[in-house]
Amino acid sequence: MGKNPSLDKSLHRTELLRSGDVFLAYGKPCTKIGRLLDGVMRGFVYDTEGNEITTHFYQEGDMVIASYMPNVDISVTIEALSECEISVANYSEVMSWVNKDRGITEIITREFQKLNSQLQSRLVSLLNLSSVEKYELFLKEYPNLINRIPHYYIANYLGITPTQLSRARKQFINKCK
């Protein structure tokens, strides 16, 4: 493979997804990694009663991944919330270039740090913040998503009901006046 993969476009292909299409599915090996070029996606898990719990949102420019290691069974499902265009590569092949190619190493490191930070922030907010504070944090972390996805997904992500989200939005608006 002697070529520098960061310059080799043949490593990537473009996938087009419709709203509701699954990019990565729970329980399957994580064989691909993507960069979302256009659209919005979400990651979710099922609770013990079979309810979906939204764990993450992905928007343009985000790396879309379901595991920090290739070929490990996926613990979440990632689906398109709108029509999406995603640049996809073989996860094992990309990871084989980490520490060999500075550009790929920097991208993977930066994106893993971003994902880790978002997950830690979400955990802290679920445990410690009020509904209004959770909503403010969501707006800070995902400033362009509020009008692009159904609010019940936002409420689900924040661990509150749609009614609580509506109240939090009103309180936030009043606070900003």
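The values are calculated or read from the model by the stated rules, or taken from the named source; none is laboratory data. This is a predicted model, so every value here is computed, not measured. Here the Cβ is made from the backbone with ideal geometry for all residues, glycine too, and neighbour counts use every protein chain on show.
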Margin query: Just to be sure before I move on: is Leu123 closer than 26 Å to Phe172 by Cβ, surrounded by fewer than 18 Cβ atoms within 10 Å (Cβ to Cβ) and of a type outside the set (Ser, Thr, Tyr) in the structure I sent?
Written below: yes
Margin query: Checking the structure you have, find out if any residue of segment 137-158 is more than 21 Å from Val76 (Cβ to Cβ), β-branched (Val, Ile, Thr), exposed (fewer than 12 other Cβ atoms within 10 Å of the Cβ) and at pLDDT 75 or above.
Written below: no
Check: Does Asn99 qualify as being closer than 21 Å to Lys32 by Cα and not assigned by TED's automatic domain parsing to the domain that holds Glu52?
Finding: yes
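Give the residues of segment 32-65 that are on the phi < 0 side of the Ramachandran plot and surrounded by fewer than 16 Cβ atoms within 10 Å (Cβ to Cβ), sorted by residue number. Break it down into steps so the answer makes sense when it comes.
Start the filter on segment 32-65 by keeping residues that are on the phi < 0 side of the Ramachandran plot, which leaves 32-38, 40-49, 51-60, 62-65.
Scanning segment 32-65 gives Leu37, Asp38, Val45, Tyr46, Asp47, Thr48, Glu49, Asn51, Glu52, Ile53, Glu60.
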